[in-house]
Each structure stands twice: as C-alpha cells, then as structure tokens.
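Report on one structure; see the data block that follows.
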Amino acid sequence: MMNKLLSKAIKNGLVAGVILIFFEMINFTSTIAVILEKMFVSDKKVKEVNPTYMIVIIGLILFLSTASFVRKNHLANEKSAAIKVLVSGLVSGLVSGILVSTLNAILGNYLNNGVDLRKYLDALSPDVIRNFLFQTDINNAIRIYMATTVGGAVLGAFASIVIQKASKLNGVFRSLKKGYNNLQIQKKCEKHPIIKKLFIVFVVIFIFALPMIINAYTISVLGIVFIYAILGLGLNLIVGLSGQLVFGYAAFYAIGAYTFALLTAPKPLGIEMSFIPAFIIALISSGIGGLLVGLPVMNLRGDYLAIVTLGFAEIIRILINSNILADYTGGPQGVKDIGQPHQPAFLVKILGKPLEENVWFLYLIIISLLVVIYIVYRLQYSRIGRSWEAMREDETVAQACGVTTSFYKVLAIVIGAIIAGAAGAIYVSRNTYTGPNEYAFMVSVNALAVVVIGGMGSIPGALLGAFIIKGLPELLRDLDNYRMLVFGALLIIMMVIRPEGLLPAKRRKLAVKPQSLEVLKEDLKP
Amino acid sequence: MDADKSTPTTIQKTKVNRINWLRLIVGICAGVFLVYRLIIQIIRPEYGPVYWLGFINTGLIVGGMYALIAIGYTLVYGVMMLINFAHGDIMMLGCFAGYFTFEYLDFLTIGDSNFLNVYPILSIILAFLMGTGVATVSGYFLEKIAYRPLRNSHVRLAPLISAVGASIFLETAAQIMFGPNKKTYKNPEILSRGSGLNINMEDGMIIITKTGIFSLVLAILLMIALYFFVQKTKLGKSIRAVSQDKATAQLMGINLDRVTSQTFLISGFLAGAAGVMWGLHNGIFNHYVGFLPGIKAFTAAVLGGIGNIPGAMAGGMILGIVESVGPAFLGIDFQLKDVISFTILILVLILKPSGLFGKSASNVEKV
C-alpha cells in the first residue's frame, strides 16, 4: 500500500516538475510574476522580477497539484491520513524540487560561463535565467527551490484534508442552493414575457449607447469581437447545428472579403462600386463558394469533410497569394483603399454632425450582428433548423424521418458561407486594407474555437466565445505571446472537461447522456 | 454500425445513384483535362527529359517522407478512427531533436576536430535515435493527455478538436521555446547537402543528392520493417485486429488501451524519423515544418485508402511524384504545387472515397 502510494507520489512530483520546467523554458512563470507585481505594486517597468512573487507562483503550482493528488486518491478518509498525506506531500515536493533545481543549476552554470542560450532556447535570455535563480547564486537558488516545492506540496496536501473535513459546510451550501432552486425565481423571470422583453430592450439600448462612452481603442477591439461573433454564428450553423465539421471557414471569409475589396478599391481592377451593391455581390459570391464546396463534399462525413474544407481554404489562400493572379487580386501586396459606407443623410441631420468614423462603423457592425443573430435564431427554430439538428444527432434516423440530408447539408454550408462573406466584407471595409495572409489557417481555427468554447449550436455561446477568443487576449496584453499556447491547451481541456461548451444550447442540455441511460435502465428494472 | 451496413435501405440507394452522377461528371472533366495536357506535352514539350527525371527524383525523396508520416495517420485512424491532427507536429519535434543532437555533437570536440566529423555515422545514428525517441515519447503522451480521456465522449467532434488544440499547443510551444526564426541543419560532411552523384545527359545534368538517396533508402527500409512488424509480430496482429473490429478484438483478450498507446508509439517513431530526414535533406526548418507535410501525408493516406498500410506507403510515393511533376505537366506555376495536392485530395474523396487501394465496401462506411 505504502509502496504504491510512494510511486504515485513520485509520479505526481515528476508531472509537477515537468510542468515547472516547461513554464521556465517558455518564461511563463516570471511573466505571471511580473503581472502579479504590477497588480500589487505600481505599474513600474520591471526587469528584475521580485523573487517573492516567483516563489509564490512555484509554490502555488505544487500546492494545487498535490492537493488534487490527495483528493483524487481519497487519502483524507483513510487510516493514519496525516502521515500518508505528509509523506506524499514531501515526496512530491522533493522530486519536483530536484528536477527544477537540476535544470537551474545547469542554466546557472551556462550563465556563469557566459554562454548565451538564446540561439537555441529563445526565451532564456540571461536576465530571465537570473530571475529564475532569484537573483542569487546557484546554491542559494537550489535551497530556495527545494524549500518552495516541498513547502508548497505539504501545505497543499494538508489543505486538501482540511477542505475534505470541512465538507459538512459544503452540505450547508448545497441545501441553500437547493432552496434557491426550489424558489425558481430565475425560471419565473425567464419565462415571464414582460421581463423577457424588458431585458431585450435594455440590452439593445445598452449596446447602442456603448460606442458613445468608450474610447477609440475599446471601439476597435469591440469591432473585432463582434466580427468574430458574426463569423462564429455562421460557423455555428454549420458545425453546431448541422453537425458538419468545416475547418476551412476562412475560405468563405476570404471570398467575401476579396470580392468586396476588389469591387470597391481603385486598384487593381478599378471598379470602385459603392458599398451596398458590392456588399450584396460579396454575399452572393461567397454563397456560390459555399455551394461549390458543399456539392462535391455532401456525401463526406466528419473528419474527411474537415480536411477537404481545410484543403479548399489553403487553395484559396495560395491562389490569392500567387503571382499568377496578381493582376486581378493584387498578389502578396494585397488590396489598398477599400471602399467604406457613407453615413446616411438623415442620420447626420438628426445628430447635427456626422458620427466619428469608427463609432459609425461599430454601429454598422452591431446592426449586422443583430441581423445575423435574428436570422440564425429564426433558422434554428424553424423546420430547417430542426432538420439540421436531427441530422446532427443521427443521419440515418433523420433520413428515415424524411429529411433530405444532402440538401440540408449543402444549405447549411451555403448559409454559413454567406454569413462568413458578410463578416469578411465588413472586416476589410473597416480596415480599408487586406492581404492574403489575413486568411490563414488560424482564422478558421479561431472561428471554430469561438463555436467550441461558447457551446455548439448556441447563440449566446457564440457571443461569449468571441469575447473570450478576441476580447480576452486584448485585456491580457502581457500574455500575448502565450495566447495561442493557452488557447491550444484550452481546447484540449474544454473537450475533456466540458465538451458541450460554456453556454450549451438548450436542446443539447436535454440530450440523454450514455451514463444517465444506464441509470435509467437500472431504475426500470423490475 | 453493422446492422445498417448489411441492410441498405432504399433511401441510401437513391442517394448513391445521385452521387454517382456527380462523380461521373467530375471524373470525366478531370480525365479530359489530363488527356489534353498529355497531348500538349507530347506535341510541344516545354521541358526536356532531364527535367522530368529531376522532378521524379525530387518526388521520390519527398514521397518517402510523406509515406512515413502517412503510415502514422493510417495506423492511428485504423485503431482510433481519429485524424491525428497533431501528427505533423510530432514530426516537427523529431526534426528539432535531430537538430539539437547535431548541434551538440558539433560543439563537442575530440582532439582538435569535432565529434560530428570524427564519427559521422555514429552521429547520424545518434541524431536519429534522439529524433525518433523524442517523437515517440511525445506521441505517447499526446495520446494519453489529449485523446484517451475522450475515447467515449458523447460529443462526436471532441477528439478532433482536441487534436487541433494539441497541434496548436505544440507549434506555439516550439515557437516560444526555440524561437520563431528559421534554423539550418548541420549535416556531417559525408552527408552534406547539395552534393552527390552527377548524372550527365544530353541536355543537362541531374544531381542525385546524397541526402536524397539516404532518405529514400532509409524510408524504404523502415517501411519494409514496419510491414513485417505489422504482419508478423503479436503487436502488429493486435493492431490489425483492433482496426478491424474493436469489440471482437477486446473479446479476444486484446487490451485496447495498450494497443492504442503502442500504435501511437510506432506512428511517433516513424514521424520522428521522417522529421530528421526532412531536416537532413531540406536543411532549413522552423516550428511550422510539420504543418504542410502533415496535411499532405494525410492526403497520401486518403489516396492509398485510409486504414491501409501498404496503401499509405504507395500513396505517399505517388503524391510526392505527382506533386513535383504536376506543375510542369499542367503547365502552371511551381508556386501552386500545394494546390495540386489539395486538389488531388478533393478529387479522390469525390471520385473514390475508399482510396486507390482501399477495400470499397467497408471503408466507404467510414467516410
């Protein structure tokens, strides 16, 4: 028993140590420390990180990992819990401490010998290594590391016991929550028609007042967020509702954007159309693009569809980027001076003076977002939407119930493509410039992430997802380097912990999970 | 699954008929276009024979690497029914590991010369051991962290999205750790890039590079080894059994978890070898090195019929050759060679979703 526990504790320590080393390699620990320091101290420019914050963060990682370890193995309820917990905490802390201090001893040696590691390990500049050595010499740093890891681990282990012992308190919370649920205030509010309408009116007023009260930077960020919300809503239709995984969503976005750009820009085609006809043509052309993709692939499923559409997006990007079509698309240089919509005369008359350009554009984006939300909402609860959802859940059954699956599949892709085209046209019109590299694979992945994180098939989910994917990184500018890293990890974690998304669609919530089916079977046994 | 395989309903039959029309049209168009280009090439050749040989040479070398990566896709797809989207990034990790090994051995001095040029063969072996080792280990942990918890997920797209997440994570981690700038492989002198056999012909000269021969031979050797491994050993048999029928395989006493892990180990090993070869042959690489080969190897796996190991090997070779011959044959810019491979992917999936060598009935069901 004890041996097994020991080996498990060693494993836990190894995992924590590897995480610590990884964080050090990408310089994540000290970045977080700087952010913490900025939070508590004034926002001075810090080059040397205060060791205290580093120690806190390293200790915290061990604290959390050991606490979850103790909890997972139910050590608190066993006999002689205190000794077992103490031992596992000590062992975990020691193992990870040895790992990290070995690494730091090596790095410190290199530093003292004057070797610049940046040629191979980009993040580890001499300053960074000095931070990781707590600004002291190697021996002291090793002592601090050992003390921090062991201390953090033991503390974490005991904290876990304390929390489990206090689970009686937990019961009180649970009964309070139950009582609240029984009152059903929330549900009554949700169902009451007047409150619902008032809520919507309030939200709309708030949204329309918003551009007046925020600064230019926030306006630009909000613009991006809303454009991604539109993109997410469109993709939601394809992935979330009709259940077809499309990876190359950026292709439709690019088609819409480029059509609009080429039709309104003075170069290279010199058509210079006005906003509305160009916008409509952009929508039509992206719809045709959707049809072209949708028709041949309508008999493909899941993974295959994903890769085919990814290939399609890459084809579009390479074609835009290539020199052959440069006379028509501007090639790698992109398109400049893309047309913008004029403010309507009556608006200027009412307000007395024209709105600022960016505010006006934010209104335009908001209006298109609202229109898209309305369209998607109506589609979702129509016959078409129900067919899509039936198809998503089980294609064969849907077919047997009279859903022409191939038609509805293509329809979903076409409508999604049109929405993407609208987003693209608005985006380039806002930026007045576009180039082929704006439509790389990452755009497709971001759009997919908006859908996945928000919750597949859910409209509020897409909005929330857009805020998280595009808004949150703007707030955490310091973490900009790690954005994609965190994002990749987040996708995995979301899929493991909460695959239905943060704000899952209502009908999804109702779906019977396999486990509950088992429970149901048990209940129904005579 | 099996029930609807054996009793196709009338609805499915009509669907198949409609799709056949589409296939026919697309197939005839593609065929006519190819014949037209062939005639043009015969009447008015733009390139002499030496160029064609050169294209085929490049194609074979790249095709060998594609084949190695494609085997990984096929193996994993067979066992887990999952497109391992992070497979290209496993290859990237192998490439980096080989690079660091060569750098370290170059840094290590013996007497007044450095290790790399004193023991060149040993250093190549060491680099391959490091590359494959790192790739194998990361493949193992990839499966354990990103895919295993999702095996019984009730959300169908969960494993694929998790795979995309893993791919992004690995790429960004490599970018932050090793820097975004391009790096150059330090080959030992006996395997220096660009030098090799010079074959003189009437209208020019082809260089068959040493690195090219080395990569191709090694790739073929690895493929033969893998083939015998999968056919003869117990693990190979269990992998085949699991990919045929998971439930029955489990009933026969095969540990699904272990077989899945071992499949990832093998596919990681092959990807790592391909990564080191890629570095040795092409020289310049960065953290995006795995993305395009990954997608193209997937194309190769689909081309040969996914789940089919000899098919993946042949598909890789064919794709490599088509990709390097294609632009000249079709008379388009060489920038567009990626477009050709993606078009092939789309055409194969429309015309023959089971692939060139796939068994039709059972595989179509998966598409």
Scan the stretch A:89-135 for residues that are closer than 18 Å to A:ILE57 by Cα, open to solvent by 60 Å² or more (accessible area, probe 1.4 Å) and not in a helix (DSSP H, G or I) and jot them down. A:GLN135
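Considering A:ILE497, A:ILE453, which residue is within 11 Å of chain B (Cβ to nearest Cβ), free of Cβ contacts under 8 Å to residues at least 12 places away in the same chain, closer than 23 Å to B:LYS144 by Cα and of a type outside the set (Phe, Trp, Tyr)? Let's see the steps before the verdict.
On the way: A:ILE453 fails: free of Cβ contacts under 8 Å to residues at least 12 places away in the same chain.
None of the others qualify; the one that does is A:ILE497.
So if I check each of B:ARG240, B:ARG193, B:ARG258, which one is surrounded by fewer than 21 Cβ atoms within 10 Å (Cβ to Cβ) and either among the aromatic types (Phe, Trp, Tyr) or closer than 20 Å to B:SER138 by Cα (or both)?
On the way: B:ARG240 fails: either among the aromatic types (Phe, Trp, Tyr) or closer than 20 Å to B:SER138 by Cα (or both); B:ARG193 fails: either among the aromatic types (Phe, Trp, Tyr) or closer than 20 Å to B:SER138 by Cα (or both).
Going through B:ARG240, B:ARG193, B:ARG258 in turn, the sole match is B:ARG258.
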Within the stretch B:58-75, identify whether any single residue is touching a Ser or Thr at 6+ places or on another chain (Cβ under 6 Å), closer than 25 Å to A:LEU245 by Cα, modelled with pLDDT of 85 or more and not acidic (Asp, Glu), and answer yes or no. yes
Residue pairs, Cβ under 9 Å, 6 or more apart or interchain, first in the stretch A:17-31 and facing chain B (nearest Cβ under 9 Å), second assigned to a loop (DSSP other than H, G, I, E, B) and among the hydrophobic types (A, V, I, L, M, F, W, C). List them. A:MET25/A:LEU121; A:MET25/A:ALA123; A:MET25/A:LEU124; A:ILE26/A:ALA123; A:ASN27/A:ALA123; A:ASN27/A:LEU124; A:PHE28/A:ALA123
Return the total of residues in the stretch B:1-31 being open to solvent by less than 90 Å² (accessible area, probe 1.4 Å) and at pLDDT 60 or above. 8
Can you confirm whether A:VAL239 is assigned to a helix (DSSP H, G or I), within 14 Å of another protein chain (Cβ to nearest Cβ) and within 21 Å of the chain's Cα centre (by Cα)? yes
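Which residue, of A:ILE288, A:ILE271, A:ILE281, is among the β-branched types (Val, Ile, Thr), over 18 Å from A:ALA447 (Cα atoms), in a loop (DSSP other than H, G, I, E, B) and open to solvent by 30 Å² or more (accessible area, probe 1.4 Å)?
Numbers: A:ILE288 fails: in a loop (DSSP other than H, G, I, E, B); A:ILE281 fails: in a loop (DSSP other than H, G, I, E, B).
Being among the β-branched types (Val, Ile, Thr), over 18 Å from A:ALA447 (Cα atoms), in a loop (DSSP other than H, G, I, E, B) and open to solvent by 30 Å² or more (accessible area, probe 1.4 Å) holds for just one of A:ILE288, A:ILE271, A:ILE281, which is A:ILE271.
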If A:TYR304 satisfies all but one of (1) over 18 Å from A:ILE415 (Cβ atoms); (2) open to solvent by less than 10 Å² (accessible area, probe 1.4 Å); (3) more than 10 Å from chain B (Cβ to nearest Cβ); (4) of a type outside the set (A, V, I, L, M, F, W, C), what's the number of the condition it fails? (3)
Checking A:ALA265 against (1) away from every other protein chain (no Cβ under 14 Å); (2) under 23 Å from A:ALA229 (Cα atoms), the condition it does not meet: (2)
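Here is a yes/no grid of residues against (1) within 7 Å of chain B (Cβ to nearest Cβ); (2) under 24 Å from the mean Cα position of the chain (by Cα); (3) more than 30 Å from B:MET81 (Cβ to Cβ):
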{"site": "A:LEU245", "(1), (2), (3)": "yes, yes, no"}
{"site": "A:GLU272", "(1), (2), (3)": "no, no, yes"}
{"site": "A:PRO277", "(1), (2), (3)": "no, no, yes"}
{"site": "A:ILE284", "(1), (2), (3)": "no, no, yes"}
{"site": "A:ARG317", "(1), (2), (3)": "no, yes, no"}
{"site": "A:ILE324", "(1), (2), (3)": "yes, no, yes"}
Of all residues in the stretch A:418-446, which are under 19 Å from the mean Cα position of the chain (by Cα) and among the β-branched types (Val, Ile, Thr)? A:VAL443, A:VAL445
Check A:LEU155 against each of (1) part of a helix (DSSP H, G or I); (2) closer than 30 Å to B:PHE100 by Cβ; (3) away from chain B (no Cβ under 14 Å) and name the one condition it does not meet. (2)
Tally, over the stretch B:122-166, of residues that are of a type in the set (Ser, Thr, Tyr), at the interface with another protein chain (Cβ under 7 Å from one of its Cβ atoms) and under 21 Å from the mean Cα position of the chain (by Cα): 1
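Determine which member of the set B:ILE208, B:ILE145 is out of contact with any strand residue (DSSP E or B) (no Cβ under 6 Å at 6 or more places or on another chain) and not aromatic (Phe, Trp, Tyr).
Step by step, each of B:ILE208, B:ILE145 is checked, and only B:ILE145 is out of contact with any strand residue (DSSP E or B) (no Cβ under 6 Å at 6 or more places or on another chain) and not aromatic (Phe, Trp, Tyr).
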Within the stretch A:368-387, is there a residue that is in a helix (DSSP H, G or I), farther than 26 Å from A:ALA229 by Cβ, out of contact with any strand residue (DSSP E or B) (no Cβ under 9 Å at 6 or more places or on another chain) and open to solvent by less than 70 Å² (accessible area, probe 1.4 Å)? no
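The values are calculated or read from the model by the stated rules, or taken from the named source; none is laboratory data. This is a predicted model, so every value here is computed, not measured. We place every Cβ from the backbone using ideal geometry, glycine too, and count neighbours over all the protein chains shown. Surface areas here come from the heavy atoms of the whole protein model, side chains and all, with no ligands, DNA or RNA. Shrake-Rupley method; radii C 1.70, N 1.55, O 1.52, S 1.80 Å.
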